[in-house]
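These notes are about the structure you will find just below.
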Amino acid sequence: MGLHESQDSTIYELIEFILDDLIQFINVTELGKEIFPIATFFDKNDIIRTLMEEKIDFYSRSVDNKVIVNFDEDIFRYLINLEEFDINAEDKNGNTLLHAAIDQGKSEVVKFLTSYKNLEVNTKDLGGNSPLHLAIKSNNPEIVEMLLSYENINVNEKDKYGDTTLHKAIRSYNHKIIEMLLLREEIDVNEKDNQGETPLHGAVKSNRPEIVKMLLSHKNMDTKQKEIFSFLEISREDEAKTPINDGVSILGASEAESYGESLHNKDASSYSL
């Protein structure tokens, strides 16, 4: 056993000794708040359960939310139900419990959290990501669906790059997530990011004709975009390269609109769409 492991073992044994033999002689509230972070560090749920059984006030905000969401269910529920526990509090890394649960792929924890009416579901982390942004980036349709069912969810929230949830969904290439977002009455399909690009630009740039078609068919698609990008829609039916394919490849999506405008005044009958 190395020196570090020996020290860890000694600390753990000391905590057990205090809880077993000295608990009646000391300030248990102060003790609990000191022991809790140590017990979480050593992943000692049995120590935390002892604190619970002795009804010792041990909760401390110094513990990261990513640690809390990984507790066993009984400990997690105990903490959540403490009067002083703030379900929306951010840890030192800017993560709420909801951010942490999504990042860890804890769908059951997300389901549990979204049962609370006071949950702040649109809070952004230090990277400017809302919980819905993270769920989409993680390519997790199950959690996306849970979040979309929450009353106050903002589907048009932007991150620090100006990306909406739809921008991120386009990059995920997950049709189910894109479809769920497009079914939302309030979704803004024409919103631009910090580079001035709409979700449709992203779909064209990624060479995803099936996603382009989904966006073009949306009832709120901007008329100008719809007309221009209909010329730029990439066909795979005959596997043939057309002037439109070449235009997109050469110019890129960032200049696709100007290319489309030049085509818009020509007879489209010669193009394979």
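Observations on the model:
- Per-residue extension of 0.36 nm, minus the Cα-Cα distance of Glu210 and Asn194, leaves a gain of 3.3 nm for this segment.
- Environment charge at Ser206 (Cβ cut-off 13 Å; Lys +1, Arg +1, Asp -1, Glu -1): +2
- The mean of 1/r over all pairs of different alpha-carbon atoms in the range 45-185, once inverted, gives a Kirkwood hydrodynamic radius of 15.8 Å.
- Averaging the sequence gap over all C-alpha pairs within less than 8 Å and six or more residues apart, then dividing by the number of residues, gives the range 66-187 a relative contact order of 19 percent.
- Rough spin-label spacing in nm, given labels placed 7 Å along Cα→Cβ, for Glu142 and Asn93: 2.2 nm
Coordinate-derived values only; no laboratory data. All of these numbers come straight from a predicted model, not from anything done at the bench. Positions of Cβ are backbone-derived with ideal geometry, glycine not excepted, and every protein chain shown enters the neighbour counts.
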